[in-house]
Amino acid sequence: MERQHSLSGLWLPLITPFRDGQLDTPSLRRLVAHYAAQPIDGFILGATTGEGMSLDDDEIRALLAITRAVLADAGRPIPIYLGLSGSDTRKLIKTLQHVQDWGADGYLVACPYYTRPSQRGLLEHFSALADSADRPILIYNIPYRTGVNLGNETMLRLAERTNIVGVKDCCADPAQTFDLIRHKPSGFAVLTGEDPHFYSALSSGADGAILASAHVYTSGFAGIGDKLSAGDQPGALADWRRLADIPRLLFSEPSPGAIKHWLWRTGLIDSPEMRLPMVPVSAELARKIEAAMAVADQP
Ligand SMILES: O=C(O)C1=N[C@H](C(=O)O)C[C@H](O)C1
């Protein structure tokens, strides 16, 4: 079975900068240039962290085009996946056709939300998407957001398809994650999207992570993966002990408010603006973030 490609390492689900209600393209260029110089292995655009649900088609096309161009200028042609979601299989198939010339290398597709389909429904849903997609699909299993858990039996059947290249695993059940890692076929990637479980997922054999927290201390998070791959478990654990409070802080109010606040305070973006129903962080969290930013002792 020849897979379209295999995914691993640290992927960044990029925030989408806004200013005065518009996509803030100068900030976007600055951000992408910054992360192009960091040890990341791929970008996800327009997913949860990227506030994809509140972006229109023109904005998504601009996001993809600008990110691609800045990466090319930086000489770092890393893959770019686009976040997609929906609960109507037919509409999602049309969306896949609609976006096919927009320049994504693959799609991160969330489980259908709200309607809570059965495992058979999920199997048929993702099979139909895989049949019509022209690029690889990474499944996004996040039951606490969608209301439905794609179980391992179903996942392993989907993993037989060559263009379903992996899962962004946010099932929040370490036993389910570990069983999936144990039984998955080679080339099917398990990338954790549970920021607090980053170290434990990688230690259990996950192939990598899609980690919103890695907007800050990017090389520190990447270094933990590198150390584990090199067999330096004590070094990785020591680094994780220093970084483990960061995800907790960044997710203490609905994400990506805290990340945007941090990036704004460092000057990487011009505004911490969010689109409703998401709102910027409270004054109390802003104070905590600024205190954390002042701590220099991070890997
Ligand atoms: O944007 C994403 O994709 C991510 N989603 C997760 C979530 O917000 O629940 C977290 C992960 O770090 C990235």
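Bear in mind these aren't lab numbers, they're just calculated from the coordinates by the rules spelled out. None of the values given here were measured: they were computed from a predicted structure. A quick note on method: Cβ atoms are made from the backbone with ideal geometry, for glycine too, and the neighbour counts reach across all protein chains shown.
Place +1 on the Cβ of every Lys and Arg and -1 on the Cβ of every Asp and Glu in the chain, take the dipole about the Cα centre, and give the residue among S85, T177, V190 whose Cα lies farthest towards its positive end. The Cα lying farthest towards the positive end belongs to T177. Among H197, H125, H34, whose mean-square fluctuation peaks in a Gaussian network model of the chain (Cα, cutoff 10 Å)? The residue that fluctuates most here is H34.
Amide H contacts of W11: D41, A209, I210, L211, each under 5 Å away and 5 or more positions distant or on a separate chain (H built 1.01 Å from N in the peptide plane; Pro and chain starts excluded). Going by neighbour counts of Cβ atoms within 10 Å, the residues W102, W262, W240, W11 line up, fewest first, as W102, W240, W262, W11.
Assuming charge only on the beta carbon of Lys and Arg (+1) and of Asp and Glu (-1), the dipole of the chain about its Cα centre is about 180 debye to the nearest 20.
Within the same chain, lysines fewer than 8 places from K94 are excluded, and of the rest, those with a Cα less than 26 Å from its Cα are K168.
For R241 and M293, the difference between the fully extended length at 0.36 nm per residue and the C-alpha to C-alpha distance is 17.0 nm. Seen through its C-alpha gyration tensor, with square-root eigenvalues sorted a ≥ b ≥ c, the stretch 9-241 comes out oblate because a/c lies at 1.5 or above while a/b is not bigger than b/c. The 3J(HN,Hα) values that the Karplus relation (6.51, -1.76, 1.60; θ = phi - 60°) gives for the stretch 250-262 are, in residue order, 6, 10, 6, 10, x, 6, x, x, 5, 5, 4, 4, 4 Hz. Gly and Pro appear as x. Along the stretch 194-205 the Karplus relation, 6.51 cos²θ - 1.76 cosθ + 1.60 evaluated at θ = phi - 60°, assigns HN-Hα couplings of 9, 4, x, 9, 3, 5, 5, 5, 5, 5, 7, x Hz to successive residues, with x for each Gly and Pro. Amide H contacts under 5 Å for A189: L7, G166, V167, restricted to partners 5 or more places along the chain or on a different chain, H placed in the peptide plane at 1.01 Å from N. Taking the chain as a Gaussian network, where each spring joins two C-alpha atoms under 10 Å apart, which residue of G21, G257, G187 fluctuates the most? Among G21, G257, G187, the largest GNM mean-square fluctuation belongs to G21. Hull volume per residue, based on the alpha-carbon atoms of the stretch 1-70 and their convex hull, is 111 Å³. Charged neighbours of I15, selected by a Cβ distance under 11 Å, balance to -2 (K, R count +1; D, E count -1). What the phi angles of the stretch 97-107 give under the Karplus curve with 6.51, -1.76 and 1.60, with θ = phi - 60°, is a coupling list of 6, 4, 8, 5, 9, 8, x, 7, 8, x, 10 Hz, glycine and proline written as x. Taking 0.36 nm per residue of sequence separation and removing the Cα-Cα distance, the Q100/A74 pair yields an extension gain of 6.9 nm.
Computed extension length for S186-Y114: 22.7 nm, one decimal, from 0.36 nm per residue of separation with the Cα-Cα distance subtracted.
When the Cα convex hull of the stretch 159-299 is projected onto planes of every orientation, the mean area is 9.9 nm².
Can you compute the label reach from S271? Point 7 Å from Cα along the Cβ direction, backbone N cut-off under 18 Å, restricted to the stretch 18-38. Once the point is set 7 Å along Cα→Cβ of S271, 18-31 turn out to lie under 18 Å by backbone N, inside the stretch 18-38. Taking the chain as a Gaussian network of alpha-carbon nodes connected by springs under 10 Å, the highest mean-square fluctuation of the residues K260, K288, K184 belongs to K288.
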